[in-house]
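Notes for the one structure printed next.
The values are calculated or read from the model by the stated rules, or taken from the named source; none is laboratory data. On a predicted model such as this, the values are computed, not experimentally measured, just so you know. Here the Cβ is made from the backbone with ideal geometry for all residues, glycine too, and neighbour counts use every protein chain on show. Note: accessible area is taken over every heavy atom of the protein model, side chains too, but ligands, DNA and RNA are not part of it. Shrake-Rupley method; radii C 1.70, N 1.55, O 1.52, S 1.80 Å.
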Amino acid sequence: MSGSGRHFLQIPGPTNVPDRVRQAMDRPVPDHRGPDLPELTHEIVLGLRRVFGTDAAEIVLYPGSGTAACEAAIVNTINPGERVLAFNSGQFANLFAECARRLGADVDLVDADWRRAVSAAAVGERLAADSGHTYKAVLVVHNETSTGATADIGAIRQAIDAAAHPALLIVDTVSGLGSMDFRFDEWRVDVALTGAQKGLMLPPGMGMLCVGPRALERSASVTTPRYFLDWKPVIDQEHNGYFPYTPATLHLFGLREALRMLHEEGLANVYARHARLAEATRRAVAAWDLAIMPRDPAEASNSLTAVMTPEGFDADQVLRAAERYNLSLGTGLGRLKGKVFRIGHLGALNELEVLATLAGVELALHDCGVSLEFGSGVRAAQEHFTTPAAVAAGA
Ligand SMILES: *Cc1c(COP(=O)(O)O)cnc(C)c1O
């Protein structure tokens with residue numbers, strides 16, 4: 001295909017960066033110790049708090065990526081040798097557990113079904129059995145980007161409470177935050193973390209954490225070696241609007257603009273938009289007679305859809321076929337390599353972009369020899385967008 005027109009970046013992150021964000025970043029590099037920085041930092045902290053769903057938790061920013069934020073969450077809260085509970089519910093859950101293990105934690109990685117979200121009952125059962133309170137933290141991925149399953153963090157919090165267990169609740173919401181509802185305070189999450197390039201619509205290059213009082217208190221007695229990722233100096237200096245390292249200043253301008261966009265649209269509207277776009281995508285997949293990874297529709301993610309290809313069929317072929325139409329889809333990760341492809345519908349995205357993406361997936365599936373009726377998925381999505389309920393929700 002020609003290089004004319006735009007590239008459709010429909011992987012589940014990085015996502016498409018809105019023009020407003022790009023333009024906000026296109027400026028001379030400022031003095032990061034200059035007088036203007038505190039105002040910028042302050043607006044970002046307040047804006048991010050609203051997205052995380054917290055009134056007063058600490059916001060910690062690093063140049064880096066989501067993985068850096070994962071590592072920061074561990075080194076600040078877990079001592080070497082301490083037990084951590086994690087669930088193998090997908091590739092990112094695995095990587096988070098591996099991060100903790102490499103940093104010296106004694107990780108209890110519970111086997112789980114990759115076609116389910118982490119179950120609150122399983123969390124509760126493990127914690128109830130740990131009467132000696134040896135687990136210091138539970139690691140949970142809010143939105144598992146490899147499978148497109150979303151965990152019910154509120155229910156997991158209730159299970160932890162029911163077990164009366166003091167373990168910290170540490171949540172990776174890299175591919176959820178900014179596209180799906182998150183309630184740090186209400187769910188009493190202790191640490192939540194994300195990256196710049198998914199729901200927050202920035203180019204890759206930053207990791208962010210939201211840190212609650214219990215995690216902060218615990219970090220004061222944690223001895224795991226840390227320097228750059230020690231959140232204490234970052235929090236202390238951020239209160240004055242500065243950073244103990246050179247911040248990714250142009251990213252900060254982009255982040256401020258992205259947060260303004262989210263708040264102008266209104267977070268409830270943003271989440272409703274993603275619910276609508278996701279449901280349309282799922283209806284398209286059903287119209288193609290293909291299955292998505294989550295068995296329970298209630299667990300299906302609103303930020304991405306992992307589509308299972310028919311048995312004996314290499315899902316990466318679909319990716320290669322899609323590339324010919326200037327469309328990038330997500331590959332299968334870990335044990336799902338070759339078995340699923342993923343459609344990203346998080347971040348800056350609207351109905352027509354979803355329809356074009358679905359039309360592109362139909363072309364790619366057709367070119368790979370998957371039998372389907374052209375337009376069937378697109379029509380199912382259009383029908384969803386025009387249902388009275390979807391229209392009322394602001395389509
Ligand atoms: C993308 C992602 C990560 C890793 O973030 P990077 O920015 O690639 O380092 C971690 N967890 C989840 C759930 C993700 O989607």
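Considering all alpha-carbon pairs of region 1-91, what whole percent are spaced by more than 23 angstrom? The proportion of pairs with Cα distances above 23 Å equals 52 percent. With contacts taken as Cα pairs under 8 Å and at least 6 residues apart, the chain reaches a relative contact order of 23 percent. Derived from the Cα gyration tensor, the three semi-axes of the equivalent ellipsoid of region 265-341 are 24, 15, 11 Å, largest first. Over all pairs of different C-alpha atoms in the chain, the reciprocal of the mean inverse distance, the Kirkwood hydrodynamic radius, equals 21.5 Å. 3J(HN,Hα) couplings calculated from phi for region 60-68 with the Karplus curve 6.51 cos²θ - 1.76 cosθ + 1.60 (θ = phi - 60°) are, in sequence order, 10, 10, 10, x, x, 8, x, 5, 4 Hz; Gly and Pro show x.
Using a Gaussian network model of the chain in which every pair of alpha carbons under 10 angstrom is joined by a spring, one finds that among 97, 121, 72 the greatest mean-square fluctuation is at 121. Phi angles of region 233-246 translate, via the Karplus equation with coefficients 6.51, -1.76, 1.60 and θ = phi - 60°, into HN-Hα couplings of x, 5, 4, 4, 6, 4, 4, 8, x, 10, 9, x, 10, 7 Hz per residue; Gly and Pro are given as x. Pairs of Cα atoms nearer than 8 Å and 6+ residues apart set the relative contact order; for region 26-160 it is 22 percent.
Nonpolar atom fraction for region 271-348, defined as the carbon and sulfur part of the 1.4 Å probe accessible area, stands at 50 percent. Taking every protein chain into account, the accessible area of the chain amounts to 40 square angstrom per residue (probe 1.4 Å). Working from label points 7 Å from Cα in the Cα-to-Cβ sense, the residue 108 to residue 188 distance is 2.0 nm. Taking amide H atoms as placed 1.01 Å from N in the peptide plane, the amide H of residue 110 lies under 5 Å from those of 86, 87, 88, each 5 or more residues away in sequence or on another chain.
Note on region 6-54: along the principal axes its Cα atoms extend 39, 33, 14 Å, ordered by decreasing extent.
The HN-Hα couplings worked out from phi for region 91-96 by the Karplus form 6.51 cos²θ - 1.76 cosθ + 1.60 (θ = phi - 60°) are 5, 6, 4, 4, 5, 5 Hz, whole numbers, x standing for Gly and Pro. The calculated FRET efficiency for the pair residue 291 and residue 363, based on their C-beta separation and a Förster distance of 25 Å, comes to about 0.75.
Within region 76-95, what residues put their amide N at less than 17 Å from the label point 7 Å along the Cα-to-Cβ vector of residue 227? Output list for this probe position: 76. Note on the chain: with charges restricted to the Cβ of Lys and Arg (+1) and Asp and Glu (-1), its dipole about the Cα centre is near 300 debye. Within the listed set 182, 96, 228, the Gaussian network model of the chain (springs between alpha-carbon atoms below 10 Å) gives the highest mean-square fluctuation for 228. Placing unit charges on the Cβ atoms of the charged side chains and taking the dipole of the chain about its Cα centre, the candidate lying farthest along the positive direction among 271, 370, 294 is 370.
With springs only between Cα atoms under 10 Å, which of 253, 87, 184 fluctuates most in a Gaussian network model of the chain? Among 253, 87, 184, the largest mean-square fluctuation in the Gaussian network model of the chain belongs to 253.
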